[in-house]
Amino acid sequence: ADEGRLDVDDPVSAHLPEFAAPGRVLELRPGSPSPMAMPFGPPPDPLPEFDVVPAERELTLFDLLTHTGGLQSLLRWNPEFVAPAPGQTLADYVPGLAGLPRDFQAGRGWAYSNSAAFDVLSRVIEVVSGQDLRTYLTARVLQPLGMDSVGFGRGGDPGAIPMPPQFGDNPVIRGDTFHSTSAGLWGTGEDYLRLARVLRDRGVHRGGRLLAEKTVLRMTTNQVGDLCPGLNGREPARGVGFGLAVATVEDPAAAGEALPAGSFGWDGVATRRFWASPTAGWSLFCYAPDQAVQRAVEAAVTAAIG
């Protein structure tokens, strides 16, 4: 967007024509069993029942960046969702997501859609830039920030953080051909912190500008009103908003969080979490699968620094 190649408010179909086709939305029938289940895992038992209604409008890049598009929510089973297969690329896989029925009408809800939504965004990057995702990210983000450890497929390091065995052969995580920004990037905590710092510093890194200040401000301020139910992995709470790919702490007291107002960040399946506080002038990265430990770290940093 900073380079003038697209607008965050563009319809997805402006870059991926398959998404111009009329969309569909799944509506859970009254009294139906819950559809809560991992989309790539076994279906819930008993199976939920849905009605299918027309989508009110096309999806936009903004919908996908803010998780308000309803495109394959992380913990909602969808009978038509098909996960990436070994050997597929984004170019092979993403067009098929255009016809996937959505979980709710765009702009009317919020649900974490890190896989489908961000794979679509990744394919848009490839189409608009004329480069594969790995090449573009390396040249535009990783090299300028000196994030040398970061790469697809565990960053090339077989000794990276252990994973449950069922994920070991996942083509998204393995990263051989399917380069996914939702689950495929691996690196050190130090390099992750570099990304948090440049966002905290409104796009500036060592005197050079990676992103326009207005872009970072839009990214890191609430764009969804009261649609976001709270932080991923934690109990629902008011006082939390959502920008472009990051949660924002609007009201720490209402959110029940020991973080300065205006802090922003996100997590990786509620285990890796980063925070940046522009007002207090600090950034934080931690790997702690226990939410109580995360909160203790956040409270200690806030108390010590502000």
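The values are calculated or read from the model by the stated rules, or taken from the named source; none is laboratory data. Note that the structure is predicted; figures quoted are calculated from it, not measured. Glycine also receives a Cβ, built like all others from the backbone with ideal geometry; neighbour counts cover every protein chain displayed. With ligands, DNA and RNA removed, areas are computed over all heavy atoms of the protein, side chains included. Shrake-Rupley method; radii C 1.70, N 1.55, O 1.52, S 1.80 Å.
Only one of the numbered conditions (1) buried (at least 18 other Cβ atoms within 10 Å of the Cβ); (2) modelled with pLDDT under 95; (3) touching a strand residue (DSSP E or B) at 6+ places or on another chain (Cβ under 7 Å) is violated by residue 22, and that is (1). Looking only at segment 1-54, residues that are of a type in the set (Lys, Arg) and in a strand (DSSP E or B) come to 1 in all.
Criterion applied to 177, 220, 215 was being among the hydroxyl-bearing types (Ser, Thr, Tyr) and either touching a strand residue (DSSP E or B) at 6+ places or on another chain (Cβ under 8 Å) or open to solvent by less than 30 Å² (accessible area, probe 1.4 Å) (or both), and the one residue passing it is 220.
Kindly check whether there is at least one residue in segment 77-87 that is open to solvent by less than 10 Å² (accessible area, probe 1.4 Å) and modelled with pLDDT under 95.
Yes, there is a match, as at least one residue in segment 77-87 is open to solvent by less than 10 Å² (accessible area, probe 1.4 Å) and modelled with pLDDT under 95.
Looking at (1) in contact with a Pro (Cβ under 9 Å, 6 or more places away or on another chain); (2) open to solvent by 40 Å² or more (accessible area, probe 1.4 Å); (3) under 25 Å from residue 34 (Cβ atoms), which one does residue 99 not meet, given that it meets all the others? Status for residue 99: all satisfied but (1).
Going by the conditions given, is residue 297 aliphatic (A, V, I, L, M), in contact with a Cys (Cβ under 6 Å, 6 or more places away or on another chain) and more than 19 Å from residue 112 (Cβ to Cβ)? Judged against the criteria, residue 297 is a match. Being surrounded by 21 or more Cβ atoms within 10 Å (Cβ to Cβ), modelled with pLDDT under 95 and either in a loop (DSSP other than H, G, I, E, B) or touching a helix residue (DSSP H, G or I) at 6+ places or on another chain (Cβ under 7 Å) (or both) is a property that residue 73 has.
Only one entry in 6, 61 is touching a residue at least 40 places away in the same chain (Cβ under 8 Å), in contact with a Leu (Cβ under 8 Å, 6 or more places away or on another chain) and within 16 Å of residue 113 (Cα to Cα), namely 61. Check segment 193-202 and report whether any residue there is closer than 30 Å to residue 88 by Cβ, in contact with a Leu (Cβ under 9 Å, 6 or more places away or on another chain) and either modelled with pLDDT under 95 or open to solvent by 10 Å² or more (accessible area, probe 1.4 Å) (or both). Yes.
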